[in-house]
Amino acid sequence: MTDKRFAIYTLGCKLNFSESSTIARQFQQAGYQQVDFNQQSDVYIINTCSVTQLAEKKCRNIIHKAIKANNNALVVVVGCYAQLSPETIATIDGVDLVINNRDKAKIVELVSKNIQGITSCSYKEMNEFSSAWSLDDRTRSFLKVQDGCDYFCSYCTIPKARGRSRSDTIENVIKNAQNIVNQGVKEIILTGVNIGDFGRQTGESFYDLLVALHRVNGLKRLRLSSVEPNLLDDRIIELVKYSSLLMPHFHIPLQCGTNRLLSAMNRKYTVEDFSAKIHTIRNLIPDAFIAIDLIVGVPEETEKDFDQTIKLIESLDLSEIHIFTYSQRPQTKAYSMKQVPMHVRRVRSQILHDKAREIHIRFCERFIGQTRQVLFEKSVRNQQREGFTDNYLRVAVSNHEDQNNMILPVELKKFNPVKLTFSGELKQYP
């Protein structure tokens with residue numbers, strides 16, 4: 001046991017958050033007390049992201065903040081930025097330990113032994129899978145089922161940051177999911193780098209996993225994080241349609257809006273493939289929430305490409321578009337390709353953001369007057385408690401103490417296009 005304190009700050013994806021939550025539990029089990037990152041601590045852990053230049057800048061700012069907070073604290077940097085640029089981070093005065101993604105699960109051991117410097121490895125050495133899940137919010141949990149990627153898209157550093165694709169076993173996922181539900185969690189979100197690739201090395205499949213998760217006692221809701229369009233099997237879509245457990249919510253990365261750019265970026269599908277997948281979902285599950293990812297200003301993107309992208313998203317019945325402005329990443333093929341000027345990227349990004357807002361509002365407004373099941377969160381703002389419908393619409397209702405972590409029917413009365421939230425009326429009180 002120890003009376004030492006630790007604080008952890010997480011940047012980036014939900015996979016990072018699930019791993020940070022697991023790291024926090026490991027420190028607590030070792031006797032450390034967790035404190036807020038803004039408080040004095042003996043150990044500061046920064047779990048980093050490297051998907052864009054801005055993400056790396058944020059990482060450096062947080063590192064400096066930790067060093068300034070307590071000069072005598074142990075400052076530990078982990079995550080994708082630590083994997084890709086350990087020497088750069090180690091040159092920051094005050095950083096004690098930089099841990100690669102392979103050794104992230106050993107962080108408590110390394111800290112306890114007062115190991116300092118850099119633990120480094122190549123992406124080819126990341127062969128093991130380590131389980132992780134979040135328990136910060138008793139309402140929902142992000143459960144890691146897969147890690148790494150074999151795709152090596154031209155713009156992406158993730159395969160070198162996370163290693164090759166590998167996944168948990170169905171048996172262990174079921175065990176972890178049951179453990180999560182036993183803590184009172186109602187909803188699990190499956191997460192990973194490329195979750196559709198689950199089980200390829202073990203002879204299992206993502207579809208098999210989804211079927212098996214129906215055996216978890218007490219689990220009320222199951223959501224999928226991002227699934228590559230070429231790995232979103234039609235059987236999965238049909239399973240979502242007929243399952244009371246799987247929520248009608250899809251997140252599918254498009255990334256580029258023309259076949260020329262998809263090929264240049266080494267994506268595994270065509271515009272026609274992607275469109276067909278969206279149409280299949282919408283035909284089978286009309287109310288499904290369909291979110292896509294889109295990178296604007298990728299190398300060699302012309303005005304014609306951009307116009308075709310706009311036409312494509314207008315032709316699809318989408319719910320939400322996540323827009324990322326291309327960020328030039330060293331160690332990628334796209335780094336040396338012809339770059340779109342930054343001012344052009346910004347203009348195109350704003351156009352897409354405006355279009356995305358129109359699309360989201362139009363989708364939400366079709367549900368005014370419907371009654372849908374809402375899972376309420378513990379937080380209360382302005383005397384209202386918020387939650388999400390099965391198809392991922394944010395809803396706020398007048399607060400009642402017993403709503404926390406309950407699934408209740410709510411009539412969607414009015415949609416606020418500024419807050420992107422429905423005001424609702426409970427049809428059944430706790």
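Data for the structure
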read-out: Structure-derived P(r) over Cα pairs in 20 Å bins from 0, in percent - corresponding label in (i) 24, 57, 19, 0; (ii) 21, 43, 27, 9, 0; (iii) 28, 57, 15, 0; value: (i)
read-out: Mean accessible surface per residue for the chain, computed with a 1.4 Å probe while every protein chain stays in place, in Å²; value: 45
read-out: Cα-based reach from Lys414 at 16 Å (exclusive), listing lysines while leaving out same-chain residues under 8 positions away; value: Lys427
read-out: Net length gained if the chain between Lys268 and Glu238 were fully extended (0.36 nm per residue, minus Cα distance); value: 8.6 nm
read-out: Cβ-placed point charges (K, R +1; D, E -1), dipole of the chain about Cα centre in debye, nearest 20; value: 460
read-out: Amide H contacts of Gln33 (H built 1.01 Å from N, under 5 Å, at least 5 apart or other chain); value: Lys4, Arg5, Phe6
read-out: Label point at Cys121 placed 7 Å out along Cα→Cβ; residues across the range 35-63 whose backbone nitrogen lies under 20 Å; value: 46-50
read-out: For peptides 187-199, 8-20, 412-424, sequence by mean Cβ density within 10 Å, most packed first; value: 187-199, 8-20, 412-424
read-out: Amide proton proximity set for His251, modelled H, under 5 Å, gap of 5+; value: Val227, Ala291
read-out: Part-to-part distance (alpha-carbon centres) for the range 254-299 and the range 55-98, which is given in Å; value: 36
read-out: Most positive-pole-ward Cα, Ile313, Gln83, Ile361, against dipole of the chain from beta carbon charges; value: Ile361
read-out: Vicinal HN-Hα couplings computed from phi for the range 272-289 (Karplus, 6.51 cos²θ - 1.76 cosθ + 1.60; Hz; Gly/Pro x); value: 5, 4, 5, 4, 4, 5, 5, 5, 4, 4, 5, 6, 7, 9, x, 8, 4, 7
read-out: In nm, spacing of pseudo-spin labels at Thr280 and Ser130 (7 Å Cα→C-beta vector); value: 3.6
read-out: Cα-projected label distance for Ser112 with Gln370, points at 7 Å along beta-carbon direction, nm; value: 5.0
read-out: The chain - share of DSSP beta bridges that are antiparallel (%, nearest 5); value: 35
read-out: Two-site label geometry, Arg164 and Gln33: point separation in nm, points 7 Å out along Cα→Cβ; value: 4.6
read-out: Carbon/sulfur fraction of accessible area - the chain, other protein chains in place, 1.4 Å, %; value: 47
read-out: Cysteines without a disulfide-compatible neighbour (Cβ-Cβ under 4.7 Å), the chain; value: Cys13, Cys49, Cys59, Cys80, Cys121, Cys149, Cys256, Cys364
read-out: Amide H contacts under 5 Å for Val75, placed H, 5+ residues apart; value: Tyr44, Asp96, Leu97
read-out: Using θ = phi - 60° and Karplus 6.51 cos²θ - 1.76 cosθ + 1.60, couplings along the range 402-414 (whole Hz; Gly, Pro as x); value: 8, 6, 3, 6, 10, 9, 9, x, 9, 7, 7, 8, 8
read-out: In Hz, Karplus ³J(HN,Hα) per residue of the range 193-198 (6.51, -1.76, 1.60; θ = phi - 60°; x = Gly, Pro); value: 7, 8, 5, x, 8, 3
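The values are calculated or read from the model by the stated rules, or taken from the named source; none is laboratory data. Nothing here was measured: the structure is a model prediction, and the numbers come from that model. Positions of Cβ are backbone-derived with ideal geometry, glycine not excepted, and every protein chain shown enters the neighbour counts. Accessible surface areas use protein heavy atoms only, side chains included; no ligands, DNA or RNA. Shrake-Rupley method; radii C 1.70, N 1.55, O 1.52, S 1.80 Å.
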